[in-house]
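What follows is a set of notes on a single structure, which appears directly below.
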Amino acid sequence: MSVLPVLCTLALLPMPREFTPGDGFCGDPAKIEYTVDRSLPAEGYTLNVTKEGVRITSATPAGHFYAERTLDDLKADGRLPICRIKDAPAYRWRGLHLDESRHFFGKQVVKRFIDRMAALKFNVFHWHLTDHQGWRLQIDACPELTEKGSIRNVPEWKRMRPREWLDVDAAAYGPYFYTKDDVREILSYAHARHITVMPEIEIPGHSLAAIRACPFLLCPDSRDKLDKLGYRCATICAGSDEVLRFYEKVLDEVCALFPSVYIHTGGDEARKDIWRECPRCQARIKKEGLKDETELQAWLTRHFADYLAAKGRRLVGWDEILEGDALAAGAVVMSWRGRKGAIAAAMAGHDVILCPEQYCYYDFRQGLANDPETYHGKSRQFAPVSAAMVYSFDPCEGIPSDRRGHVIGAQGNSWTELTLDEKTLDWKLWTRAAALAEVLWTSPEKRDFSAFAPRLEAFRAKLKAKGVNVAPFADPSAMPSVF
């Protein structure tokens, strides 16, 4: 009996690179033989399902793990169709991002997030732990960061949102943060699923929570304006050696806790107007022979890139880190404002990770009719970020062929200004993340949206059966023509 009709109902995501179906089903799906072949790609594998059993061959434990995920997807009604698969990912960075500064979800939600990442063969969890709204990571050298920085005034919090916030009768939102033991537990959980956890510690902007906890981080002449100006003066003082030493201590603890080679330091949307009025910042500009405040931020980025490099780590930053003077060798650019940052970085010899808003921001609307959720207003400048739009994404578009080796991958971003709980997070994320998973794993010539759509429906059905609040396809009439 042919298994082709069965395959149409399978949640086989992402689609393997080479798939050869056979006839009939495996007589003993529990009989699995593992072999090693060092000639295969690091995350690649071959999977041979016969009437007698299953053979998995890979070069690494990661390859074995992904083969087992494929086996899970192949099973239908307890049966395993006979087939042969040869597979490896198109990109080595296949990431998803979660913002826990604006909304704290907690360990169990993060573990479920990691489980669903693993099911789709994502391998990098970008954990956004600090921002204006809250500092979520225990730092022993400065307990004030979590004692004060993990708390937000509820009236201020509610003004940011169109709906009533949770615990509205409370005086404050928090304290909510992860202890180092919490982090170690999550790191172990992710490691078992071959997922790297990359932390993000914002420097120099998006630092209001840190500054409120430790006012010395702010330029001295701006400290009396903090409560009045809020976000407008939420950039740390780049002219203070005390501030540099503080963040070096923070990064020491981050590096001791997280094994990731990559450490994200933000770098986006830093308000530099307070630097123009700060004697210390102006003195730094003069001392280092810099032209202006933009070059001062570039100097600061290079300082921390060099500091991390001495520890064997690589700084990752949003594409603003390209502005100003030359970026430190080894730094990685995460291009979110379209593709220009990625192209410029690749041309300059830097590795790049693509996450342009119009394809990869899942707090933006997804083109659903009568959508019950509220999305970020900035998305109105783009067509809906539907599953079809995500599937049309080509990370290498616009990158000269001789520079495409610098495109290490891409990721989807979940910002949580308007994501109040796990139910909302799931609705906004997983349908589109499934499309991105196939973009990042399956080679472009093998991708076909018409073949992807029924497999996505099967994947959604599996999530719904587990109680996950997963969004449907967008209305096709509302989708842009992308194929």
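The values are calculated or read from the model by the stated rules, or taken from the named source; none is laboratory data. Here the structure is a predicted model, which means the values were calculated and not measured. Note that we place each Cβ from the backbone using ideal geometry, even for glycine, and neighbour counts take in every protein chain shown. Ligands, DNA and RNA are excluded from the accessible area calculation, which covers all protein heavy atoms including side chains. Shrake-Rupley method; radii C 1.70, N 1.55, O 1.52, S 1.80 Å.
Things worth noting here:
- Some residue of the stretch 409-426 being assigned to a helix (DSSP H, G or I), open to solvent by less than 50 Å² (accessible area, probe 1.4 Å) and either without any contact (Cβ under 8 Å) to a residue 40 or more places away in the chain or within 24 Å of Ala88 (Cβ to Cβ) (or both): no
- Within the set Leu120, Leu80, Leu129, Leu74, the sole residue that is within 19 Å of the chain's Cα centre (by Cα), within 30 Å of Tyr45 (Cβ to Cβ) and either at pLDDT 95 or above or of a type outside the set (D, E, K, R) (or both) turns out to be Leu120.
- Filter result (touching a residue at least 24 places away in the same chain (Cβ under 8 Å) and more than 17 Å from Asp115 (Cβ to Cβ)) within the stretch 64-74: His64, Leu74
- So Pro155, is it of a type outside the set (Val, Ile, Thr), part of a loop (DSSP other than H, G, I, E, B) and either modelled with pLDDT under 95 or buried (at least 22 other Cβ atoms within 10 Å of the Cβ) (or both): no
- In summary, Glu200 fulfils each of the numbered conditions (1) touching a His at 6+ places or on another chain (Cβ under 7 Å); (2) at pLDDT below 95 with the single exception of condition (2).
Rundown of residues vs (1) of a type in the set (A, V, I, L, M, F, W, C); (2) open to solvent by less than 50 Å² (accessible area, probe 1.4 Å); (3) not in a helix (DSSP H, G or I), yes/no style:
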| residue | (1), (2), (3) |
| --- | --- |
| Val254 | yes, yes, no |
| Gly266 | no, yes, yes |
| Gly289 | no, no, yes |
| Ala298 | yes, yes, no |
| Leu308 | yes, yes, no |
| Gly324 | no, yes, yes |
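- Residues being open to solvent by 10 Å² or more (accessible area, probe 1.4 Å) and assigned to a loop (DSSP other than H, G, I, E, B) - total across the stretch 364-392: 15
One line per residue, one yes/no per condition, for (1) among the basic types (Lys, Arg); (2) open to solvent by less than 10 Å² (accessible area, probe 1.4 Å); (3) part of a helix (DSSP H, G or I); (4) modelled with pLDDT of 95 or more:
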site	(1), (2), (3), (4)
Leu440	no, yes, yes, yes
Glu445	no, no, yes, no
Ser450	no, no, yes, no
Pro454	no, no, yes, no
Ala458	no, no, yes, no
Lys462	yes, no, yes, no
Asn469	no, no, no, yes
Phe473	no, no, no, no
Val482	no, no, no, no
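- So Arg447, is it farther than 30 Å from Ala331 by Cα and basic (Lys, Arg): yes
- Counted residues, the stretch 372-398 - those being over 23 Å from Ser450 (Cα atoms) and in contact (Cβ under 8 Å) with a residue 60 or more places away in the chain: 1
- Condition broken by Pro400, with the remaining ones in (1) at pLDDT 95 or above; (2) open to solvent by 20 Å² or more (accessible area, probe 1.4 Å); (3) over 19 Å from Ala90 (Cβ atoms) satisfied: (3)
- For Leu322: the one exception among (1) out of contact with any Ser or Thr (no Cβ under 6 Å at 6 or more places or on another chain); (2) of a type outside the set (S, T, N, Q); (3) touching a residue at least 40 places away in the same chain (Cβ under 8 Å): (3)
- So Asp273, is it in contact (Cβ under 8 Å) with a residue 40 or more places away in the chain and either more than 22 Å from Arg403 (Cβ to Cβ) or open to solvent by 50 Å² or more (accessible area, probe 1.4 Å) (or both): yes
- Selection status of Ala283, in contact (Cβ under 8 Å) with a residue 12 or more places away in the chain, crowded, with 16+ Cβ neighbours inside 10 Å and over 20 Å from the mean Cα position of the chain (by Cα): no
- Test: residue in the stretch 77-93 that is in contact (Cβ under 8 Å) with a residue 40 or more places away in the chain, of a type in the set (Ser, Thr, Tyr) and over 18 Å from Thr196 (Cα atoms): no
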